[in-house]
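Worksheet: one structure, shown below.
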Amino acid sequence: MRSETAIDLFLTHLRMERALAVNTVSAYATDLSCWSRFCEDAAQGNLQELREQDLRAYLRHLGKSDLSSRTIARRLASLRGLFQFLVDEGILNQNHAKRLKAPHISTKLPEVAESHQLTQLLATPDTSRLIGLRDRAMLSLCYASGLRASELVALEVNDIDWQKGTVSPWGKGKKRRLVPVGSISLEHLEAYLTARRQSPKACQSKSTCLFCGPRGLALSRVSFWKIVKRHCLKAELPLNLKP
């Protein structure tokens, strides 16, 4: 079997049977495409003829690149997952990547903000405008609930339970979970949605997405990262904050 065919089967398995998030499957695809290109350059496309030393050669190739140890470890983990899938499916007899050792990853504590800095951040959006009300509601909900960026942007209006004070995002594995939200965040959400319903743009006022752009479509995860960065700069916070 060729490496490209095996990768396609594995990615389909991740999407359909394991129901992994789109971003997770995309990360696997990126990692494994690098390995597939290496196989083509080394004329090692046939998996049945692949040996452990061939994978060690790939690991050495990654070590000579400018990639971080964290990225190399992730690519190796993707490779292990692929080979274990092929063994489970009876395509290969053994997982050639099982004994490969990942590089040591140094741990780095994330930068965190003090409560007064987050209060300062929430005060930066211009709430006289709809986009400012939206940004404040997003920042407030993210802070109050601890949602992942991907969960936040995927929320719909009906995912809010106003009486119970909760939101129900789709988490990993396409599973729902209930997350409590504070009263202040609910006030910010209500102010935003009230203004949006009164918006002259029908695509926004009638959108089912909780946080939408001018065309009424859901914002992307990258868009929210940019919103956080923009308001951090505006608030002059001395931190590289991430959602």
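Write out the trypsin sites (Lys or Arg not before Pro) in the range 211-243 meeting two conditions: DSSP loop, and at most 10 other Cβ atoms within 10 Å of their Cβ.
Sparse-neighbourhood loop trypsin sites (Lys or Arg not before Pro): R215.
Going by the alpha-carbon gyration tensor, a ≥ b ≥ c the square roots of its eigenvalues, is the range 192-243 rounded (a/c under 1.5) or, if a/c is not under 1.5, prolate (a/b greater than b/c) versus oblate?
Verdict is prolate for the range 192-243.
Could you please state, rounded to a whole Å, how far the C-alpha centre of the range 56-91 is from the C-alpha centre of the range 182-199?
If we compute the Cα centre of each part, the gap is 46 Å.
Based solely on its DSSP helices, what 222 nm [θ] is calculated for the chain when runs of n ≥ 4 H residues each add -39,500 (n - 2.57) and the sum is averaged over all residues, nearest 500 deg cm²/dmol? Walk me through the intermediate numbers first.
Working: 10 runs with 129 residues, N = 243.
The per-residue figure over the chain is -17000 deg cm²/dmol.
Would you mind working out the accessible area per residue for the chain, using a 1.4 Å probe, and quoting it in Å²?
Accessible area per residue, the chain: 60 Å².
When all alpha-carbon pairs of the range 146-243 are counted, what percent fall beyond 17 Å?
Roughly 58 percent, rounded to a whole number.
Could you order V153, V222, V22 so the one with the most accessible surface comes first? Probe is 1.4 Å.
V22, V222, V153
If you build the Cα gyration tensor of the range 1-139 and take the root of 5 times each eigenvalue, what three semi-axes come out, in whole angstrom, biggest first?
41, 19, 13
What base-10 log of the normalised intensity I(q)/I(0) is obtained for the chain from the Debye formula, alpha carbons as equal point scatterers, at q = 0.07 Å⁻¹?
-0.35
Taking H placed 1.01 Å from N in the peptide plane, check which residues at least 5 places from G171 or on another chain put their amide H under 5 Å from its amide H.
Here R176, R177 satisfy the definition.
Tell me the chymotrypsin sites (Phe, Trp or Tyr not before Pro) within the range 120-207 that lie in a loop according to DSSP and have at most 16 other beta-carbon atoms within 10 Å.
Answer in residue order: W162.
Enumerate by residue number the trypsin sites (Lys or Arg not before Pro) in the range 3-75 meeting two conditions: DSSP loop (anything except H, G, I, E, B), and at most 16 other Cβ atoms within 10 Å of the site's Cβ.
R18, R51, K64
Search the structure for amide H atoms under 5 Å from the amide H of E156, placed 1.01 Å from N in the peptide plane, and list their residues when 5 or more places away or on another chain.
Those qualifying (amide H under 5 Å, at least 5 residues apart or on another chain) are L210.
For the range 1-76, what does the alpha-carbon gyration tensor say about shape, rounded, prolate or oblate, given a ≥ b ≥ c as the root eigenvalues, a/c under 1.5 as rounded, and a/b over b/c as prolate?
Details: a/c = 2.44, a/b = 1.24, b/c = 1.97.
Because a/c hits 1.5 or more and a/b fails to exceed b/c, the range 1-76 counts as oblate.
Below 26 Å, Cα to Cα, which lysines can K226 reach? Residues fewer than 8 away in the same chain don't count.
By straight Cα distance, K226 reaches K108, K172, K174, K201, K206, K234, K242.
State which stretch of the chain is the longest one without any exposed GluC sites (Glu not before Pro), exposure meaning a DSSP loop state and at most 14 other Cβ atoms within 10 Å.
Details: sites that count: E17, E89, E111, E114, E236.
That gives 115-235 as the longest site-free run.
The values are calculated or read from the model by the stated rules, or taken from the named source; none is laboratory data. In this text the structure is predicted, and so the values were computed from the model without any measurement. Note that each Cβ is placed from the backbone with ideal geometry, even for glycine, and that neighbours are counted across all protein chains shown. With ligands, DNA and RNA removed, areas are computed over all heavy atoms of the protein, side chains included. Shrake-Rupley method; radii C 1.70, N 1.55, O 1.52, S 1.80 Å.
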